[in-house]
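The structure under discussion appears below in the form of structure tokens.
The values are calculated or read from the model by the stated rules, or taken from the named source; none is laboratory data. These numbers come from a predicted model, not from an experiment. Cβ atoms come from the backbone with ideal geometry, glycine included; neighbour counts cover every protein chain shown.
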Amino acid sequence: MQELVGPQFQALADALAGQPPTAPSLCAGWEVRHVVAHMTMAARYDGPAFMAELAAVGHDFDALSERVARRDGDLPFASLLADLRSDTMARWAPPGGGAAGALSHVVIHGLDITAALGLPRTASDEATRLVLDELADGKHFGVDTGGQRLRATDLDWEYGDGVLVEAPAGDLVLKLSGRR
């Protein structure tokens with residue numbers, strides 16, 4: 001699964017070249033540049049620097065995410081895109097989340113950006129299918145999938161029993177990750 005992470009970051013960077021970094025994203029209050037800054041923290045902060053940043057906000061990861069996204073979102077967008085393409089992000093896996101967490105991170109946040117910009121999904125079918133499998137039970141974001149049969153219309157994926165809900169795979173990822 002880890003070998004899929006780097007290509008997804010690369011594809012997102014390629015799609016964002018020439019896009020407006022100040023356009024809104026699906027992440028409340030964040031522009032594209034903020035989401036990219038959040039996604040690529042590992043490219044700019046090694047372990048000790050990250051822990052120092054976390055300690056500075058009382059070990060509140062949400063506060064850290066907000067602080068870093070706002071501050072680092074002011075970096076040149078070309079630099080943030082280079083971070084997306086970096087070897088660090090290709091190898092990165094969040095503590096406790098492993099390769100599945102890294103893949104979910106890039107696929108979900110990639111959709112937070114591309115869907116808001118009206119761009120097609122950049123994640124490969126294989127990566128998207130794996131993330132859908134990971135999210136389908138609804139346990140990660142508290143989304144209730146009971147009584148629904150989810151089916152992607154643009155790739156071979158289906159989950160559950162009940163009322164049929166059909167949508168493009170990217171829309172299903174967004175639904176399962178609690179986005180509207």
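A single member of Ala15, Ala43 is in contact (Cβ under 8 Å) with a residue 60 or more places away in the chain, part of a helix (DSSP H, G or I) and in contact with a Ser or Thr (Cβ under 6 Å, 6 or more places away or on another chain), and it is Ala15.
Evaluate the following for Ala28: is it surrounded by fewer than 16 Cβ atoms within 10 Å (Cβ to Cβ), of a type in the set (A, V, I, L, M) and either modelled with pLDDT under 95 or farther than 23 Å from Trp92 by Cα (or both)?
Yes: the conditions hold for Ala28.
Counting only helices (runs of 4 or more DSSP H) that sit completely within the range 91-180, those holding 2 or more residues that are modelled with pLDDT of 95 or more and either surrounded by fewer than 16 Cβ atoms within 10 Å (Cβ to Cβ) or hydroxyl-bearing (Ser, Thr, Tyr) (or both) correspond to 98-117, 125-135. Restricting Val57, Val35 to residues that are within 20 Å of Asp112 (Cβ to Cβ), among the β-branched types (Val, Ile, Thr) and touching a helix residue (DSSP H, G or I) at 6+ places or on another chain (Cβ under 8 Å) narrows the list to Val35.
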